[in-house]
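Take a look at the structure below.
The values are calculated or read from the model by the stated rules, or taken from the named source; none is laboratory data. Nothing here was measured: the structure is a model prediction, and the numbers come from that model. Heads up, the Cβs are rebuilt from the backbone with ideal geometry, glycines too, and the neighbour counts pull from every protein chain shown.
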Amino acid sequence: MDCEFPDDPRFVLARGIIFEAGRLALESFADLGALETTNKLNGQDVVSQADKAVEALVRERVLAAFPEDGILGEEQGLAEGRSDFVWVVDPIDGTSCFVHGLKDWCISIALLKDSETVLGLIYQPTTDELFAAKAGGGAFLNGKPTSVDRQATIGTGLLGVGANFRIPPQQVSDFIHLLLEAGGMFIRSGSGALMLAHVACGRLVGYYEPHINSWDCLAGLCLIREAGGWTAEFPIPEALLAGSPVIAAAPGARDDLWGLVAQSLASGKLP
């Protein structure tokens, strides 16, 4: 694979790190019987020793090269820096898939400068696919330019949908009900970052999750915008630690998706 942005030292670093992190994660994935896991909020929200090891590796490599930069990781939180840059890392997005031997997991690295996402990389080691984007520089899949599906609509494409226990279950079920009534269809792979990457390369027509953490989505949102898609605002810095809803779509699905989300929230059934 060619290096997409060879003149950007932080991109070159991130690209090297994400491949190294992928190799480390695959070592644990190949021996799941020996993997230690613990629960976070409940039995569906887990963290493994692989998550911790991958994040430690990323932090070490980033801070060795750019010690003034800040870094936010899912497992170790925010270490503020003195530069304008903040790295946002999900060491393994889709940990539940990972620990159950499913291949739908990835490593996500985003880079913020003055609260704007300027780089986004998502790597799926099980398929050896690297999704990479730079603000103003386009989006790439394994070194080749990629794009959202400009022809697909809610009625013809697949919509990625995320769910978690931080929001009322009915908020998701109401949206799904309305989507199906509108002739749409959905999938949930277990990795929000990976589903966002699949919007960027045209495999999915859009993605919606009522609440998502910044480390799960910032890289993917950058990818979608650079691939010609649309994303609702994910407010930074407010949502950097608190999370926010995420809505993203190819042009042909934007209005319908936005309408379905608004209708589900206004249904009167939600708190």
### Query
If you go through the stretch 91-112 one residue at a time, do you hit one that is without any contact (Cβ under 8 Å) to a residue 60 or more places away in the chain, within 18 Å of LEU194 (Cα to Cα), assigned by TED's automatic domain parsing to the domain that holds ASP31 and crowded, with 17+ Cβ neighbours inside 10 Å?
yes
### Task
Kindly indicate whether any position in the stretch 255-270 is within 24 Å of THR146 (Cα to Cα), touching a strand residue (DSSP E or B) at 6+ places or on another chain (Cβ under 6 Å) and among the acidic types (Asp, Glu).
no
### Task
Might you check whether a residue that is touching an Asp or Glu at 6+ places or on another chain (Cβ under 7 Å), modelled with pLDDT of 95 or more and of a type in the set (A, V, I, L, M, F, W, C) occurs anywhere in the stretch 20-43?
no
#### Entry: Residue that is of a type outside the set (A, V, I, L, M, F, W, C) and at negative phi, where the choices are SER115, SER173
SER173
### Query
Applying the selection to the stretch 113-122, what residues are buried (at least 24 other Cβ atoms within 10 Å of the Cβ) and either modelled with pLDDT under 95 or of a type in the set (Lys, Arg) (or both)?
none
### Summary
Listed by first then second residue, the pairs whose first member lies in the stretch 149-178 and is in the same structural domain as VAL205 (by TED's automatic domain parsing), whose partner is buried (at least 18 other Cβ atoms within 10 Å of the Cβ) and of a type in the set (S, T, N, Q), with beta carbons under 6 Å and at least 6 positions apart or on separate chains, are ASP174/SER264; PHE175/SER264; LEU178/SER264
### Task
Might you check whether a residue that is more than 26 Å from LEU111 (Cβ to Cβ), touching a residue at least 60 places away in the same chain (Cβ under 8 Å) and not hydrophobic (A, V, I, L, M, F, W, C) occurs anywhere in the stretch 209-216?
no
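Please find, among GLY33, GLY70, the residue that is out of contact with any helix residue (DSSP H, G or I) (no Cβ under 8 Å at 6 or more places or on another chain), loosely packed, with under 13 Cβ neighbours inside 10 Å and not β-branched (Val, Ile, Thr).
The match here is GLY33.
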### Query
Can you tell me how many residues in the stretch 98-120 are within 19 Å of THR231 (Cα to Cα) and assigned to a strand (DSSP E or B)?
11
#### Entry: Test result for ALA266, under 30 Å from PHE11 (Cβ atoms), small (Gly, Ala, Ser) and surrounded by fewer than 17 Cβ atoms within 10 Å (Cβ to Cβ)
no
